[in-house]
Amino acid sequence: MQGPGLTLDDVLAATEWVVPSIEIIDARVTEPRRIFDTVADNGAAAGLILGAQRFRPEEIDWRWAGALFRRNGEIEETGIAAGVMDHPANAVAWLGNKLSTYGGGLAAGHMVLSRSFTRPVWADPGDRLEADFGPLGTVTLTFGVPVCQLLGGKQRDVVPTFASFLATSIEQSLADTKTLADCVRIYPDGFDDSSIFDPRASLGRTVETLIAIRETFGRDLCLGIDLHHRYSPAEVASFCNMLPPGTLDFLEEPIRSESPEAYTTQRKMTNIPFAVGEEFASKWQAAPFLEQGLTQYMRLDICNIGGFTEAMKIAGWSEHHYVDLLPHNPLAPICTAASVHLSAAVPNFSWLETRQSPVESLGFHDKSLFPVQVELDGPVYRVPDAPGLGVEVDEQAIRASIAQHVECPHLTKPDGSVTNW
């Protein structure tokens, strides 16, 4: 639909449906605002909450559509749509005609807000806003709720974690396990220095460590290992065959995940549950591992997978196959908080990875940069009730800090060939 000359009737004829809504406006620029501030701030447009009911444009006379706008049960504003240029479709026609002067127009599928017929209502954290459109339905929203509530609500009050350590010796591994709680994960030894890794040499030493941990701490301990896709399928099979039955509760990322066919073969070689998924970037990568039973724990990383939307889809898909989430969480407070909210909101969850335990700290949870963050309480994260993720960022401190390049290790085998990190 393109002007010039668009009329109210043109707009109604081109409209598929009309829906009551609440526009969310927000601004990062304080008063006094100037026109270029508004342009740079995308017109203060922060979001649009749509009602559940849709209506054909010819169903009613839209001039008489009205609403009572309440905040926390009290009427703050009232209005009627005729206040928008005598008919809200006139505002859309004006927009189409204006865009035509710049060579633009309104395309099929565009959703257009035809201006508000009430004044803005200020909202503080915790406020509940309600726009009652009478026979057209009611639109509501609440500000300041934690993310897990937006994902459907909490399934649990605390999120259990597993911590990790490098199995450098049996004695140190036993000491680290004693320090930790119900679920631990080890990294196999086999590093001769910071850049040389010998997969074959690591197998026997790692098996001895795992057996010692299981014998010392019994069956109540959940014990896993992260092979971090450093091994070949044959090496993984040899490793599993060396272990007495019941030693391991999960085997993480034994080989790289690009080939589900290789995992099909690997799955047949051992009955130890697999935990796979930290490299997945979409539900389509996760699909064959769930559909073919190639993983028993879903190791998705919310920062890799595409955020909450994709993660929740995979969580539901996993639940269909009775697969629990065991989320990958190696990064800083934003990743941790997002992972905690995801873990709190899904029913099929086991443990969340943490990298800030008494035996390991990567230094990412810097209080000078993130003064408020989700805190580890013993072996669990308590699900925050604060708005959003429950994290506050000191933007000035981040601007003042010096960014440093970080490179993942480049490993080689003793013969000089390159191997996976």
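Just so you know, all these numbers are worked out from the coordinates, no wet-lab data involved. Treat the numbers as computed from the prediction; the structure is a model and nothing was measured. Virtual Cβ from ideal backbone geometry, glycine too; neighbours counted across all protein chains shown.
Summary table below
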item	result
Built amide H within the under 5 Å cut-off of L352, gap 5+	T161, F162
Under the Debye formula (equal points on every Cα, no solvent term), log10 I(q)/I(0) of region 69-212 at q = 0.14, 0.16, 0.20, 0.21 Å⁻¹	-0.86, -1.04, -1.16, -1.19
Qualifying trypsin sites (Lys or Arg not before Pro) in region 244-326, DSSP loop, other Cβ atoms within 10 Å at most 13	K268
Spatial separation of Cα centroids for region 137-159 and region 29-92, in angstrom	25
Low-density loop positions, trypsin sites (Lys or Arg not before Pro), region 165-235 - DSSP coil, at most 13 other Cβ in 10 Å	R219
Hull-based mean projected area of region 166-294, where the convex hull spans the alpha carbons, in square nanometres	8.2
Under the Karplus curve 6.51 cos²θ - 1.76 cosθ + 1.60, θ = phi - 60°, whole-Hz ³J(HN,Hα) for region 115-127, x wherever Gly or Pro sits	6, 8, 10, 10, 6, x, 10, 5, 10, 9, x, x, 5
Rounded tilt (10° steps) of 233-242 against the dominant C-alpha axis of the chain	60
Charge-dipole axis of region 148-419 as Lys and Arg at +1 and Asp and Glu at -1 on Cβ define it, positive-most pick from V276, G378, G390	V276
Using alpha-carbon coordinates, inclination of helix 88-100 to the longest axis of the chain, degrees	80
Proximal charge balance of G277 [Cβ under 10 Å; K/R count +1, D/E count -1]	-4
Of S343, S282, S401, the one that fluctuates the most in a GNM where the chain has Cα springs shorter than 10 Å	S401
Near-label residues of region 390-421 by backbone N, under 16 Å of a point 7 Å along Cα→Cβ of S194	405-412
Point-to-point label distance, V393-S259, nm (Cα→Cβ direction, 7 Å offset)	4.0
Under 17 Å from the Cα of K283 - lysines, other chains or at least 8 residues apart	K313
Among G224, G79, G153, residue whose mean-square fluctuation peaks in a GNM of the chain (springs only between Cα atoms under 10 Å)	G79
Difference of contour (0.36 nm per residue) and Cα-Cα distance, A212 to W94	34.8 nm
Among (i) 269; (ii) 169; (iii) 202, the entry that matches volume of the Cα convex hull per residue in Å³ as calculated here	(iii)
Where the Cα pairs of region 8-144 fall when distances are cut into 5 Å bins, in %	2, 9, 17, 21, 20, 17, 10, 5, 1, 0
Distance histogram for region 317-421 (every C-alpha pair counted, 10 angstrom bins, percent rounded to whole numbers)	12, 35, 29, 18, 6, 0
Most fluctuating residue given options I49, I170, I211, as computed from a GNM of the chain linking Cα atoms under 10 Å	I49
Relative contact order (%) - criterion: Cα under 8 Å, at least six apart; region: the chain	14
Cysteines without a disulfide-compatible partner [the chain; Cβ-Cβ under 4.7 Å]	C148, C240, C303, C335, C408
Exposed GluC sites (Glu not before Pro) absent - longest run of the chain, DSSP non-H/G/I/E/B, at most 15 other C-beta within 10 Å	60-257
Dipole magnitude (debye, nearest 20) for the chain, charges at Cβ of Lys, Arg, Asp, Glu	400
Label-point gap, in nm, between W17 and R63 - each point 7 angstrom along Cα→Cβ	2.7
Qualifying trypsin sites (Lys or Arg not before Pro) for region 318-392 [loop in DSSP, other Cβ within 10 Å: at most 13]	K367
Label-point separation in nm, L166 to E31, each point 7 Å along Cα→Cβ	5.8
